[in-house]
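Notes to accompany the following structure.
None of the figures in this text is laboratory data; all of them are computed from the coordinates on show. Note that the structure is a prediction, hence the values are computed from the model and not measured. Here the Cβ positions follow ideal geometry from the backbone for every residue, glycine too, while neighbour counts run over all protein chains shown.
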Amino acid sequence: MNLIQSPLNMFNQESLNLKNQELQNESYLLLEEKYQDVLECNQLLKAQIIDFQEEILKLKEEKLKLNNTIKENEEKFLQWQNEVYQEEQNKLKSIIREQQEQIETETAKSTQIQAELDTSYKTIQKLEDLQNSYTSSPSLKHQELSNSSVDYLDIIKIEFEQQLLHLKFQNSELIQEKDNLQTENRRVKELYDQLREKSAIQSQTIDHLTHFSDSDSISSATFTPSPRPVSIQRTLSNSSNLSLPLFLSSPTSKHKHITSPSLSERFPDMFK
């Protein structure tokens, strides 16, 4: 019995060994396939890593270009801002200087008219004193001279009074125009202060752009400055269209000084 079972056991053992060998071979094949798959995946990962590195280099180059573009735009913006600001500042200074010159001119005219008024007052007083001296004199000669000259003196007095009223009117007009010029001068200075405030706001905008240059999410748009800020144009248009006084627009059309002949020229008989 043992002799019969021994070959059977051997056969079974050999069959089992063959099956184990086949299983091992299949396992080796599967492992080989898995290993090949892993190698392929590794190659793909390496290729993707290389692509990512190239993409990172491109992004760094683009970021560098953007930073350079931002710096160029900042320089252009600063240059443009300084040019516009300097231009508008010069215009405002010119307007202020013209207003001050006009105020000084009108002040001088007002002083001259006031001097003429004082002279007219003194002349009228002298005429009144002269008339009183003639009319109050008991001398017949003086009385006759008074009768012949009092009419002339009245005419001269009326003319002087008319001239005095005209000079007063001119003086009041000049004072009013001086006040208007001072008001316009204050307005121009306010515009100048507004321009300085706008310049400070634009400087804050530059700081904001500088803060953006450190970020990775900046668009590559090229800065193209507009010809002039709308607000500054509006400010300038308002300041350049300031209404000048009427007499400044045509200085020769008004305020002509009245020149009349002297008493000795008009009445030579009285002053012989």
Sum of side-chain charges, residue 68 neighbourhood, beta-carbon under 11 Å (Lys, Arg +1; Asp, Glu -1): -2
Cut-off 11 Å between beta-carbons: net charge of the residues surrounding residue 39, Lys and Arg +1, Asp and Glu -1: -2
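If you count, for each residue, the other Cβ atoms within 10 Å and average over each peptide, how do 181-187, 66-72 line up from highest to lowest?
Numbers: 181-187: 16.3, 66-72: 14.6.
For the peptides 181-187, 66-72, the packing ranking is 181-187, 66-72.
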Calculated over the stretch 83-125: convex hull of Cα atoms, volume per residue (Å³): 24 Å³
Within-15-Å neighbourhood charge of residue 30 [Cβ basis; K, R +1; D, E -1]: -4
